[in-house]
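Take a look at the structure set out below.
The values are calculated or read from the model by the stated rules, or taken from the named source; none is laboratory data. In this text, all values refer to a predicted model and were calculated from it rather than measured experimentally. Positions of Cβ are backbone-derived with ideal geometry, glycine not excepted, and every protein chain shown enters the neighbour counts.
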Amino acid sequence: MSNNFGYIDIILLAMIAGFIILRLRNILGRKTGHEDKAFSGFSERKFEQFKKENIQEEKFEETGLEGEQKEKFLKGAEKAYESIITSFAKGDKKNLKNLLTSQMSSNFEEAINQREIENIKSELTFVGFKQSKLEKFEKIKNEFYATVKFVCEIISVKRDKENKIIEGNPDKIKTVTDHWKFSRNVFSKKPNWYLAEIVSNK
């Protein structure tokens, strides 16, 4: 009888030990499983959201200038236009370099130098804008291009070395229409746009 009781005790202890091991394994297994899922799910959601935001921003940039961004751009373009034409009249090469692409800067500088050689004095009074309109927005390779139509009023006069008027009228306001193309590098951290081309009016 004692032997039988001994065997029963051993069996019971083995069953209890097995039960405890099974419980511990299940508890630890579930805990580890939950931790892995929570961590990976969090990281996936965050990175996916980040990627989507970047894609939307790029598409927005490529589709053009809209709303408030367009208004700000046109205000900046107007200031640039006024500054460029007045600086050119004064022969201010330094200020022009900050507003033009390198090629346009060379063109303007050459025109100013030629005017100086011929002893021609240019006078310009900017009266105001009648219209400024974004006509075209495009991306070519790594550059954004925005073409703007400007309609403004100015008083422009050119005088020779003897101060005689050879072009224009100091008492007459004239309306001028220009189409200017501005550019900005896609990867540039600066928000600056530069005059890249004066489109011929045909």
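Step by step: first the residues of region 117-146, then only those that are of a type in the set (S, T, Y) and in contact with a helix residue (DSSP H, G or I) (Cβ under 8 Å, 6 or more places away or on another chain), then the one that is nearest to K189 (Cα to Cα). Which residue is that? Before you say what the answer is, go through the steps one by one.
Initially, region 117-146 is screened for residues of a type in the set (S, T, Y), giving 122, 125, 132, 145.
With in contact with a helix residue (DSSP H, G or I) (Cβ under 8 Å, 6 or more places away or on another chain) added as a condition, the list becomes 122, 132.
Details: S122: 36, S132: 26 Å.
So, considering only residues that are of a type in the set (S, T, Y) and in contact with a helix residue (DSSP H, G or I) (Cβ under 8 Å, 6 or more places away or on another chain), the one nearest to K189 (Cα to Cα) is S132.
Please go through region 173-193 and pick out each residue that is part of a loop (DSSP other than H, G, I, E, B) and surrounded by 12 or more Cβ atoms within 10 Å (Cβ to Cβ). Working first, answer last.
We begin by selecting, within region 173-193, every residue part of a loop (DSSP other than H, G, I, E, B); these are 173, 186-193.
Within region 173-193, I173, V186, S188, N192, W193 qualify.
Applying the selection to region 161-172, what residues are in contact with a Lys or Arg (Cβ under 8 Å, 6 or more places away or on another chain) and surrounded by 11 or more Cβ atoms within 10 Å (Cβ to Cβ)?
Across region 161-172, the qualifying residues are I165, I166, E167, G168.
Restricted to region 153-195, and to residues that are aliphatic (A, V, I, L, M) and more than 18 Å from E82 (Cα to Cα), which residue is modelled with the lowest pLDDT? Steps first, answer last, please.
First, pick out the residues of region 153-195 that are aliphatic (A, V, I, L, M): 154-155, 157, 165-166, 173, 176, 186, 195.
Cutting the leftovers down to more than 18 Å from E82 (Cα to Cα) gives us 165-166, 186.
Details: I165: 96, I166: 96, V186: 92.
Among them, the one singled out is V186.
Kindly establish whether F129 is aromatic (F, W, Y) and surrounded by fewer than 15 Cβ atoms within 10 Å (Cβ to Cβ). Don't jump to the end; show me each part of the working.
Numbers: aromatic (F, W, Y): yes; surrounded by fewer than 15 Cβ atoms within 10 Å (Cβ to Cβ): yes.
Considered against the rule, which asks whether it is aromatic (F, W, Y) and surrounded by fewer than 15 Cβ atoms within 10 Å (Cβ to Cβ), F129 comes out as yes.
Test T147 against the criterion of being closer than 27 Å to S106 by Cβ, in contact (Cβ under 8 Å) with a residue 12 or more places away in the chain and among the hydroxyl-bearing types (S, T, Y), and give yes or no. First the steps, then the outcome.
Details: closer than 27 Å to S106 by Cβ: yes; in contact (Cβ under 8 Å) with a residue 12 or more places away in the chain: yes; among the hydroxyl-bearing types (S, T, Y): yes.
Here the answer is yes, as T147 does meet what is asked.
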